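The values are calculated or read from the model by the stated rules, or taken from the named source; none is laboratory data. The structure presented is a predicted model; accordingly, all values stated were derived computationally and were not measured. Using ideal geometry, Cβ is built from the backbone for each residue, glycine included, and neighbour counts are taken over all protein chains shown. All accessible areas refer to the heavy atoms of the entire protein, side chains included, with ligands and DNA or RNA removed. Shrake-Rupley method; radii C 1.70, N 1.55, O 1.52, S 1.80 Å.
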Amino acid sequence: MKKNFCFGKVGEIDIIAEEGNSLVFIEVKYWKSRLYGDPLEAITTKKQNSLRKVAEAYLYINHIYNRECRFDVICIDIINERLEIRHFVNAF
């Protein structure tokens, strides 16, 4: 598992993990309140494209070819003073 893989100004992937034969790129969103909406709403098309570019760079730099990959999103927020964690597998 790797954390916080950065690729210049293009972006960063929070967690890179393996599950079975798949490489999993994970974006984590943590919000202290719902004042700005659901954390999942922060995964815009622009953010998805940025994550894809960073993942492609990771694969290229590490000479990883013909490997199944997926993008997951983990949302952590507080609702009514209760911590809520949601994991979206293959989110986009």
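None of Ala17, Ala91 is closer than 16 Å to Lys3 by Cβ and at pLDDT 95 or above except Ala17. When the range 50-75 is filtered for residues that are within 14 Å of the chain's Cα centre (by Cα) and exposed (fewer than 15 other Cβ atoms within 10 Å of the Cβ), the ones remaining, listed by number, are Lys53, Glu56. Within the range 46-63, the residues that satisfy the criterion of being among the hydrophobic types (A, V, I, L, M, F, W, C) and over 14 Å from Lys29 (Cα atoms) are Val54, Ala55, Ala57, Leu59, Ile61.
In summary, Lys47 fulfils each of the numbered conditions (1) under 17 Å from the mean Cα position of the chain (by Cα); (2) open to solvent by less than 50 Å² (accessible area, probe 1.4 Å) with the single exception of condition (2).
Residue count for the range 14-47, restricted to those that are of a type outside the set (Lys, Arg) and under 20 Å from Asp77 (Cβ atoms): 18.
Suppose the filter is without any contact (Cβ under 8 Å) to a residue 12 or more places away in the chain and of a type outside the set (A, V, I, L, M, F, W, C); does Glu84 pass it? So Glu84 passes the test.
Restricting attention to the range 10-43, the residues being open to solvent by less than 50 Å² (accessible area, probe 1.4 Å), of a type in the set (Gly, Ala, Ser) and more than 19 Å from Glu84 (Cα to Cα) number 3.
Could you please find all residues in the range 64-87 being farther than 15 Å from Phe25 by Cα and part of a strand (DSSP E or B)? Once the filter is applied, which keeps residues that are farther than 15 Å from Phe25 by Cα and part of a strand (DSSP E or B), the range 64-87 yields Ile76, Asp77, Ile78, Ile79, Arg82, Leu83, Glu84, Ile85, Arg86.
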